[in-house]
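What follows draws every value from the coordinates through simple rules; no lab data is involved. Keep in mind that what you see is a predicted model, and the values were worked out from it rather than measured. No Cβ is skipped: glycine too gets one built from the backbone with ideal geometry, and neighbour counts run over all protein chains shown.
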């Protein structure tokens, strides 16, 4: 369809001396169209209404409405087969176009976010990382990021460790509690082997005795995440993606000490001072409000804490190198290579 403005432009170009062919090329029109409007003069184009073509699906619309009202989840392919059996001559896209407008709206399912009271719960987990330190070029190692997230304020503490053994787990708990200057009432674990041993015949969760003794010393209790229910530990799962994207990528590390030093700096300067996307609160300020609700440290050190001496800490969490892995190992999370 040509507009009145285009007709005026045709006559204007003709007055400028352009030929019919030149005008047609300039405006992307057929020469016959240009010649026609030059002969008729400047007048608003008039078009008769198009003849309404019968739609192939029209005889089957009532059937389709009845089917999707009774069975809203019937697929378009299934309904097309049923229409073909009734003589429908059209194509699949015509059916889906009709279903897109005719299907009853789906009920929106909303999930209420579970929030914990101040000082009530922290979530604990490990995540695997592959790294090539610049001090050991060509050697790829697996490290484990131990992380504790306070469920109320989303305050984050973590450490990259060479192993997930019991001494490492206990030492990390002690240091995390020291950093937060208290302890939450309960700690939620994703069935990690150093925390959850298994279940008895009655389905009662069995916890590692040393871990229970340590938590009991701080006044806390362990709690196991329900199996196959990842949403119950969402506060610890989502931050791992945040760590990978905001801290891990595009960095290089000399060794494990440098890695943990950079992580501590990022955690205290970037992660905890940020405005959390869910709570819309500055994490550090929120944590300052939560801190009084944490359980105060006992005056007497526990026997488990004493066993995790500074020398043990150095051996398990800092200096002991992770076992190197071959390049043919199975795929794991992204590797950071030192330059």
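Hey, how many Å between the Cα centroid of region 168-229 and the Cα centroid of region 8-29? Region 168-229 and region 8-29 have Cα centres separated by 83 Å. Across all Cα pairs in region 58-102, the calculated P(r) in 5 Å bins from zero up to the longest distance comes to 5, 23, 43, 24, 5 percent per bin. In plain terms, the residue of 259, 74, 80, 150 with the fewest other Cβ atoms within 10 Å comes first and the most crowded comes last, giving 74, 80, 259, 150.
When a footprinting reagent is the concern and you count Cβ atoms within 10 Å, what order do 51, 168, 163, 278 take, fewest first? All intermediate terms of the calculation are to be shown ahead of the outcome.
Working: 51 5, 168 24, 163 18, 278 11.
Lowest to highest Cβ neighbour count: 51, 278, 163, 168.
Cβ crowding within 10 Å, taken as a proxy for footprinting-reagent exposure, orders 85, 186 from fewest neighbours to most as 85, 186.
Given the Cα-Cα distance of residue 31 and residue 193 and 0.36 nm per residue of separation, how much length would full extension add, in nm? Walk me through the intermediate numbers first.
Working: separation 162, 0.36 × 162 = 58.32 nm, distance 8.07 nm.
Result for the pair: 50.2 nm of gain on full extension.
Return the FRET efficiency for the residue pair residue 117, residue 75: r is the Cβ-Cβ distance, R0 is 56 Å, and the value is rounded to the nearest 0.05.
Values: r = 46 Å, r/R0 = 0.82.
Calculated transfer efficiency: 0.75.
Can you compute the FRET efficiency between residue 216 and residue 279 using 1/(1 + (r/R0)^6), with r the Cβ-Cβ distance and R0 = 35 Å? Round to the nearest 0.05. Once rounded, the FRET efficiency stands at 0.70. Extension gain, residue 289 to residue 38: 0.36 nm times the residue separation minus the Cα-Cα distance gives 82.4 nm.
Peptides 118-126, 137-145 ordered by packing proxy, namely the average of other Cβ atoms within 10 Å per residue, highest first: 118-126, 137-145.
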